[in-house]
Every structure is written in structure tokens, then in C-alpha cells.
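Only one structure is covered here, and it is reproduced in the block below.
The values are calculated or read from the model by the stated rules, or taken from the named source; none is laboratory data. Predicted, not measured: the structure shown is a model, and the values here were computed from it. Backbone-built Cβ (ideal geometry, glycine too); neighbour counts: all protein chains shown.
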Amino acid sequence: MIKLSNLEMSIMHIIWERKEVTAFEILNELNKEKKVAKHTVRTLLSRMIKKKAICVYKKVKKEYIYIPIIDKEAFLRNENLYFLDLVYKGDIRKMLLNYVDEGKLVKKDIEVVLEEFNKEI
């Protein structure tokens, strides 16, 4: 399983959203939230290539175009399961109750989940 740092995860979300993106475009997007150095982005992109999360699709003039290799849905599903096992020892009830206690999961959310659950049955 591929492990990504928080900043690599932010970059991955940008790449998933845009499909094809340059380092400069990633830098501009990241800098909307917090200041990140150009060299930091390039280093992280190199690491992400080594991890086989992304690849260089093509080079246009002096800019590389990056695309995702890993599927977003599959990756997030694996990360969710990893988190559930690591933090809650696989007990989804404990996780959901914690979210209710913290106010992160409200009645409307539960209704939506139940609707989806009932569609599956």
C-alpha cells in the first residue's frame, strides 16, 4: 500500500481533480492555503513518482505534466480501512459514535447513510 504524507496527499488531490497538471499549477494551488516552496513541491513530486502514485505524462517546453497512477476511490477506500483498523481496531461503531460525540456526524448525515444502506439491501 502506498503511504503519502499530508502534503503529498494535498498534491494528490490536486492531481486527481485536474487530471493533468504542472508543478507550477500545483504550487499555485497549494499556496492558496499556505506558503510552500517551489523546491519542496518538486521534491515531493519526485518522491511520489518513486512511490508510483503519479507519473510524468509528457513534457511541454520546460514543464512536466503529471498524471495520477493510483485510482482515487481505491486509494481512499484503503486509507479509510487502514485508519479504522489503526485507530479504532476495526470497530466502526466506536468511530461513528466518536464522530457523533464530536458533532462531526449529525442526524442529516445519518439519514443519508441509512438511505444508501437501504438501497444496498
Restricted to the stretch 63-93, and to residues that are without any contact (Cβ under 8 Å) to a residue 60 or more places away in the chain and among the aromatic types (F, W, Y), which residue is surrounded by the most Cβ atoms within 10 Å (Cβ to Cβ)? Y66
State the number of residues belonging to the stretch 57-100 that are part of a helix (DSSP H, G or I) and among the charged types (D, E, K, R). 7
Conditions (1) farther than 24 Å from M1 by Cβ; (2) outside the structural domain of F24 (by TED's automatic domain parsing); number of the one not met by N80: (1)
Could you look through the stretch 50-62, keep only residues that are surrounded by 14 or more Cβ atoms within 10 Å (Cβ to Cβ) and under 16 Å from the mean Cα position of the chain (by Cα), and pick out the one that is nearest to I26 (Cα to Cα)? I54
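Given the condition of a type in the set (S, T, N, Q), modelled with pLDDT of 95 or more and surrounded by fewer than 15 Cβ atoms within 10 Å (Cβ to Cβ), answer yes or no: does some residue in the stretch 42-49 qualify?
First pass over the stretch 42-49, keeping only residues of a type in the set (S, T, N, Q): 43, 46.
Subset that is modelled with pLDDT of 95 or more: 43, 46.
Still in the running and surrounded by fewer than 15 Cβ atoms within 10 Å (Cβ to Cβ): 43, 46.
The answer is yes; a qualifying residue exists.
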